[in-house]
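Colleague: Before I ask anything, let me first share the structure, which is written out below as structure tokens.
The values are calculated or read from the model by the stated rules, or taken from the named source; none is laboratory data. The shown structure was predicted, so the numbers you read here are calculated from the model rather than taken from an experiment. As a convention, Cβ positions derive from the backbone with ideal geometry for all residues, glycine included, and neighbour counts pool all protein chains shown. In case anyone asks, the SASA skips ligands and DNA or RNA and just uses the protein heavy atoms, side chains included. Shrake-Rupley method; radii C 1.70, N 1.55, O 1.52, S 1.80 Å.
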Amino acid sequence: MLVEVPQVLTEDEVAHCRRVLEETDWIDGKVTAGFQSARAKNNLQVPETAPQAQELQRLILQSLKRNPLFTTAALPLRIFPPLFNRYDQGMHFGAHVDNALRFPPTGGGPIRTDVSVTLFLTDPATYDGGELVIEDTCGTQSVKLEAGSAIVYPSSSLHRVEPVTRGSRWASFFWLQSMVRDDGQRRLLFEMDQAISSLSARTPDDPAVIQLTACYHNLLRRWAEV
């Protein structure tokens, strides 16, 4: 399931992220890649422990907490601290699947990567190429979003970043362990939640709203791992 989450960050927050990252040192992005991914990866990245990265991590995590669409799409249990990457002209990331487990630099045990997130930080008009291409159950999807918007997709998906042919593409990326590990179950819960929201907005006193809400929570109770 692919879900676009618009305006995770405001324009001012995106501008702040850009200013901070412009003053940050970048390193070879292979530092966080697994063995196979490293063979396909050609980009730059901010070190995980850089003070600038930690400041922006807090900003993004706070923004995610106030975003109900992100919450219902991902049902996050644990979130790996957001990372930051950059694709300059000629850089790309070939087809790969994200590592199943990630170990946060702050400790606390491994995070199972159920869901991957890319949060775009660059105006798409300022660069060519750099599309995130995801092979989903519905086919191949090409994603290039406005700065401040994010795409949520299964970490098990084969995906790649196309070569940048003009400009520079900056983004934050991270993974999370969901309360519901199965993508099909998350999809069903997400679609049900969206239907409940739509129905309750039109007819808030309809008994069907209560019935559907009960079904949603009973399914979540059955499937959640907390």
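Colleague: Being out of contact with any strand residue (DSSP E or B) (no Cβ under 7 Å at 6 or more places or on another chain) and not aromatic (Phe, Trp, Tyr) is true for just one of Asp193, Asp183. Which residue is that?
Modeller: Result of the check over Asp193, Asp183: Asp193.
Colleague: Out of the range 204-224, which residues are open to solvent by less than 60 Å² (accessible area, probe 1.4 Å) and polar (S, T, N, Q)?
Modeller: Thr213 - this is the single residue of the range 204-224 that is open to solvent by less than 60 Å² (accessible area, probe 1.4 Å) and polar (S, T, N, Q).
Colleague: Go through the range 90-109 and give me each residue that's at negative phi and open to solvent by less than 40 Å² (accessible area, probe 1.4 Å).
Modeller: Met91, Phe93, Gly94, His96, Asp98, Arg102, Pro104
Colleague: For the range 7-26, what are the residues that are of a type in the set (A, V, I, L, M, F, W, C) and touching a helix residue (DSSP H, G or I) at 6+ places or on another chain (Cβ under 8 Å)?
Modeller: Those that are of a type in the set (A, V, I, L, M, F, W, C) and touching a helix residue (DSSP H, G or I) at 6+ places or on another chain (Cβ under 8 Å): Val8, Leu9, Cys17, Val20, Leu21.
Colleague: Being crowded, with 17+ Cβ neighbours inside 10 Å, over 17 Å from Met1 (Cα atoms) and out of contact with any Pro (no Cβ under 7 Å at 6 or more places or on another chain) is the filter here, so list the residues in the range 118-144 that pass it.
Modeller: Phe120, Leu121, Thr122, Tyr127, Gly130, Glu131
Colleague: Output yes when any residue across the range 23-34 is touching a residue at least 40 places away in the same chain (Cβ under 8 Å), more than 27 Å from Pro163 (Cβ to Cβ), open to solvent by less than 60 Å² (accessible area, probe 1.4 Å) and among the hydrophobic types (A, V, I, L, M, F, W, C), and no when none is.
Modeller: No: zero hits.
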